[in-house]
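Trainee: Structure provided below as structure tokens; questions to follow.
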Amino acid sequence: MIKRIVSFVRRLLLVILYVGDRSFSLKPYELKAINAWRDSLSEEAKEILDRQMEAFDLYARMGAYKNKYVGMIRHDDDHLSSWTSQHKFKLFTDDENSIASVKMRINRRTIRCNILLYRGILSAIEFNRPPKEVFPQGTKQEGIEIISVDTIMDPMASGLRTEPLTDKSKLYGKLSEWNHEFGLSDLKHPVVEGLQKKIAKFYKTKFPQDYMEVVSQTEGLHVGHCRINGLGEIRTFIMPKTDTTPECSEGCLLVIAEIEGMGELGVCHYRKDGKIYYYDSEMLDPVFAGLSLYEIIDEELRAIKAGGSIREKYNGTYLP
């Protein structure tokens, strides 16, 4: 009895203190997406998902500007520490990964929701646009149509290779050059080639050729204060609606690299031009940065050496 009271008080405090929209239950469109994904799973995977859903006790939603929400699922850490293999999917990774995508429609308006897993546990559902723009208040599951469920990775399959890559002698091209001049860290074995192509196809986006060269050698890396994300580490960021960058404003930016403490580099979801955009929280719009990830990172590394940053190039786009 006392344990139940403590758990309730804890949940109540989380709801009160957590910044953003939060609740003890899923919204109808969130539940619709998860159930659609559940229908695509094996019986064993369905049982694991059901156990996880029973244990989740708080749902928090976050998003940028007024363009929210990205649906983040929170759960009781006390539950997680005691979970066994019966509670977790076999796909165990050290990074949060999109493993499936659910496309839904209501009143001729469509929205896509990615299913994210972290260490064998459903960690989040992430929409490519603010759900409140699509689903009218009071929407019920029955009024939502599921268009498709695309699976990128089977949650019951073995995980992505995330073992550290210690032998740097086989690195070539720009990575070998960076390693010699700046030193590379946090390298991991790349995912198998077949899965690389499947992940790239999943995002329906053309990634820069040099980015694909990076992930063919390592699943992400650090060079100086810059981080290049592996294919399994790509994050999505909902873009604010503007007239100046319409190619990104209706969807989201797929973050492939980060300049720590400054900004992010990404490509627009569903675009096939391979353009890379720079964006940070103080900017009004994303700015076209180039077509080569190598050149952009190179410029930043050398600018820092000289006491500057490529961030200074975009001062004119900042909010007053």
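Trainee: Limited to the stretch 192-242, what total is found for residues that are over 30 Å from Arg61 (Cβ atoms), touching a helix residue (DSSP H, G or I) at 6+ places or on another chain (Cβ under 6 Å) and in a loop (DSSP other than H, G, I, E, B)?
Mentor: 2
Trainee: Checking the condition farther than 30 Å from Leu31 by Cβ and surrounded by 13 or more Cβ atoms within 10 Å (Cβ to Cβ), which residue from Glu163, Glu177, Glu126 passes? Give the derivation first.
Mentor: Numbers: Glu163 fails: surrounded by 13 or more Cβ atoms within 10 Å (Cβ to Cβ); Glu126 fails: farther than 30 Å from Leu31 by Cβ.
The conditions single out Glu177.
Trainee: Within the stretch 84-95, track down each residue that is outside any helix (DSSP H, G or I) and free of Cβ contacts under 8 Å to residues at least 40 places away in the same chain.
Mentor: Passing the criteria: only Thr84.
Trainee: In the stretch 2-42, how many residues are modelled with pLDDT under 75 and outside any helix (DSSP H, G or I)?
Mentor: Looking only at that region, the number is 5.
Trainee: While we're looking at this one, here's another question. Taking the stated definitions as given, is Ile147 assigned by TED's automatic domain parsing to the domain that holds Trp37 and in contact with a Ser or Thr (Cβ under 9 Å, 6 or more places away or on another chain)?
Mentor: So Ile147 passes the test.
Trainee: Within the group Val223, Val215, Val192, which residue is out of contact with any Pro (no Cβ under 8 Å at 6 or more places or on another chain), without any contact (Cβ under 8 Å) to a residue 40 or more places away in the chain and of a type in the set (Val, Ile, Thr)? Before the answer, list the steps.
Mentor: Details: Val223 fails: without any contact (Cβ under 8 Å) to a residue 40 or more places away in the chain; Val215 fails: out of contact with any Pro (no Cβ under 8 Å at 6 or more places or on another chain).
Unique residue meeting the criteria: Val192.
Trainee: Report, by residue number, each residue of the stretch 255-281 that is among the acidic types (Asp, Glu) and either more than 17 Å from the chain's Cα centre (by Cα) or closer than 10 Å to Cys226 by Cα (or both).
Mentor: Scanning the stretch 255-281 gives Glu258, Glu260, Glu264, Asp273.
The values are calculated or read from the model by the stated rules, or taken from the named source; none is laboratory data. Only a predicted model underlies this, so the values are computations on that prediction, with no experimental measurement involved. In this analysis, Cβ positions are derived from the backbone assuming ideal geometry, glycine residues included, and neighbour counts consider all displayed protein chains.
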